[in-house]
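Asker: Once you've had a glance at the structure underneath, I'll fire off some questions.
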Amino acid sequence: MKVKRNTLLLLACLVWSAAGFNILRIGLMSYPSHRSVLNFLLSAVVFAVFQVFIFGKLVKKHTARISGYEEERHFFLKFFDKKAFAIMAVMMSGGIGLRASGLAPEQFIAVFYTGLGASLLLAGLLFGCNWGKALSATASDAK
């Protein structure tokens, strides 16, 4: 199942946006009884740390890798490399395990998941923007 090079950016957009939306939803559902200025600030810090140090870099790295492909069609899972899939698997397993174990208090889930989910969602949206830019560039080159 091969797709066009630019479609890989769209797939990354859809995968990371869906993951981010779901994690953000879990965080926001836990937030009502923990609303405070401090918790909102902590969520913003979590968001910023993940965006600056992890997901922002990930978007740039994978967009550059995909854009650098010389061939037009690629296997649909090549929107990430093995390391990115491993990171995703560890994060999903850790998050599911943490919530299922009951070790993390609801306040932690609210604060951390809201910041993390928002950062993941933004990463997905950035992949979508990069997909749109790639489509525009392709359309301009075709003229």
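The values are calculated or read from the model by the stated rules, or taken from the named source; none is laboratory data. Computed from a predicted structure; not experimentally measured. As a convention, Cβ positions derive from the backbone with ideal geometry for all residues, glycine included, and neighbour counts pool all protein chains shown.
Asker: Of the numbered conditions (1) closer than 17 Å to residue 117 by Cβ; (2) surrounded by fewer than 17 Cβ atoms within 10 Å (Cβ to Cβ), residue 2 satisfies every one except a single condition; which is it?
Answerer: The number of the failed condition is (1).
Asker: So the check is Cβ under 7 Å with 6+ separation or different chains; which pairs have a first residue in the range 87-115 that's in contact (Cβ under 8 Å) with a residue 12 or more places away in the chain and a second one that's surrounded by 13 or more Cβ atoms within 10 Å (Cβ to Cβ) and not in a helix (DSSP H, G or I)?
Answerer: Matching pairs, first to second residue: 110/31; 114/31.
Asker: Tell me the residue from 40, 53 that is of a type in the set (Phe, Trp, Tyr), over 19 Å from residue 91 (Cα atoms) and free of Cβ contacts under 8 Å to residues at least 60 places away in the same chain, please.
Answerer: Residue meeting the stated conditions: 40.
Asker: Touching a strand residue (DSSP E or B) at 6+ places or on another chain (Cβ under 6 Å) and either farther than 18 Å from residue 22 by Cα or among the small types (Gly, Ala, Ser) (or both): is that true of residue 73 in this structure?
Answerer: Against the criterion (touching a strand residue (DSSP E or B) at 6+ places or on another chain (Cβ under 6 Å) and either farther than 18 Å from residue 22 by Cα or among the small types (Gly, Ala, Ser) (or both)), residue 73 qualifies.
Asker: Out of all the residues in the range 36-44, is one or more under 23 Å from residue 128 (Cα atoms) and modelled with pLDDT of 95 or more?
Answerer: Yes, the range 36-44 contains a residue that is under 23 Å from residue 128 (Cα atoms) and modelled with pLDDT of 95 or more.
Asker: To continue, here is another question. Looking at the range 20-64 only, could you name the residues that are of a type in the set (Gly, Ala, Ser) and surrounded by fewer than 20 Cβ atoms within 10 Å (Cβ to Cβ)?
Answerer: 33, 36, 44, 48, 56, 64
Asker: Give the residue, chosen from 98, 58, that is farther than 21 Å from residue 1 by Cβ, modelled with pLDDT under 95 and more than 17 Å from the chain's Cα centre (by Cα).
Answerer: So the residue among 98, 58 that is farther than 21 Å from residue 1 by Cβ, modelled with pLDDT under 95 and more than 17 Å from the chain's Cα centre (by Cα) is 98.
Asker: Quick one: in the range 76-104, which of the residues that are surrounded by 10 or more Cβ atoms within 10 Å (Cβ to Cβ) and of a type in the set (Lys, Arg) is farthest from residue 13 (Cα to Cα)?
Answerer: Applying the filter and picking the extreme gives 99.
Asker: When you scan the range 117-135, how many residues do you find that are farther than 16 Å from residue 60 by Cβ and within 9 Å of the chain's Cα centre (by Cα)?
Answerer: 3
Asker: Could you list, in sequence order, all residues of the range 76-107 that are in contact with a His (Cβ under 9 Å, 6 or more places away or on another chain) and part of a helix (DSSP H, G or I)?
Answerer: Correct list: 79, 84, 106, 107.
Asker: Return yes when residue 40 is in a helix (DSSP H, G or I) and either under 29 Å from residue 5 (Cα atoms) or basic (Lys, Arg) (or both) and no when it is not.
Answerer: It is false that residue 40 is in a helix (DSSP H, G or I) and either under 29 Å from residue 5 (Cα atoms) or basic (Lys, Arg) (or both).
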